[in-house]
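Chemist: Got a structure for you, questions after.
Bear in mind that the values in this text are calculations on the coordinates, not laboratory data. Keep in mind that what you see is a predicted model, and the values were worked out from it rather than measured.
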Amino acid sequence: MLRIVLGAVGGFIAWLIVWVGVEKILSAIWPAFGVHQRAFEEAIKNGGSFTAESPMLLTHIVVGSLVSVMAGSLAALIVRTQIFDPGGLGISMGSEPSIITVTFQEDYRMTNVATSIKFASKTDRDEAFATGMTDGMETSYQRLEGVLSAEART
């Protein structure tokens, strides 16, 4: 539960810092953006009218989307917990949580996917490998490659 709260708080703080920072940077390098922002702030403070310009609205939509995705990713990184339940298979995947990192790297119009699993102990690693998980992962990656290849041809 604490990780969920920390994830929400961390995501919000990251969102706030990046949002304010991006607005300050855009105001500094794009004078029209700064003028637009100050006019908006004056209208809010004094209760006056304000008419938004389309390029500025579009900029806010793009920045808001990017900042929200970044903050959500940070929150997910903080909160992320994956538990494997072997059900009635009579196997164990270890007694402690593992840290799973998936990275996507684009090289020459091709995306490479790498999965790294850090087990809490050698025993946990050995128990996980004994389940046949590496064969299952390889099969999943081959199926994904087939789907993506078929998609690319259409």
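Chemist: Could you check which residue among I99, I29, I117 shows the biggest mean-square fluctuation in a GNM of the chain with a 10 Å Cα cutoff?
Modeler: Most flexible of the set in this elastic network: I29.
Chemist: Please compute the Cα-Cα pair-distance distribution of the chain with 5 Å bins starting at 0, giving whole percents from short to long.
Modeler: Distribution as computed: 1, 7, 10, 12, 11, 12, 12, 10, 7, 5, 5, 4, 2, 1 percent.
Chemist: Tell me, what HN-Hα J-couplings in whole Hz come from the Karplus equation 6.51 cos²θ - 1.76 cosθ + 1.60 at θ = phi - 60° for each residue of segment 97-112, using x for Gly and Pro?
Modeler: Result, rounded to whole Hz: x, 10, 9, 10, 10, 10, 10, 10, 10, 8, 10, 6, 6, 9, 9, 9.
Chemist: Relative contact order (percent) for segment 1-72, with alpha-carbon contacts under 8 angstrom and 6 or more residues of separation?
Modeler: 43 percent
Chemist: Can you work out ³J(HN,Hα) from phi for every residue in segment 65-71, in order, using Karplus 6.51 cos²θ - 1.76 cosθ + 1.60 and θ = phi - 60°, giving whole Hz and x for Gly and Pro?
Modeler: Result, ordered by residue: 5, 5, 5, 5, 5, 4, 5 Hz.
Chemist: For segment 8-16, take each phi angle, set θ = phi - 60°, evaluate the Karplus expression 6.51 cos²θ - 1.76 cosθ + 1.60, and give the result in whole Hz per residue in order, putting x for glycine and proline.
Modeler: 5, 5, x, x, 5, 4, 4, 4, 4
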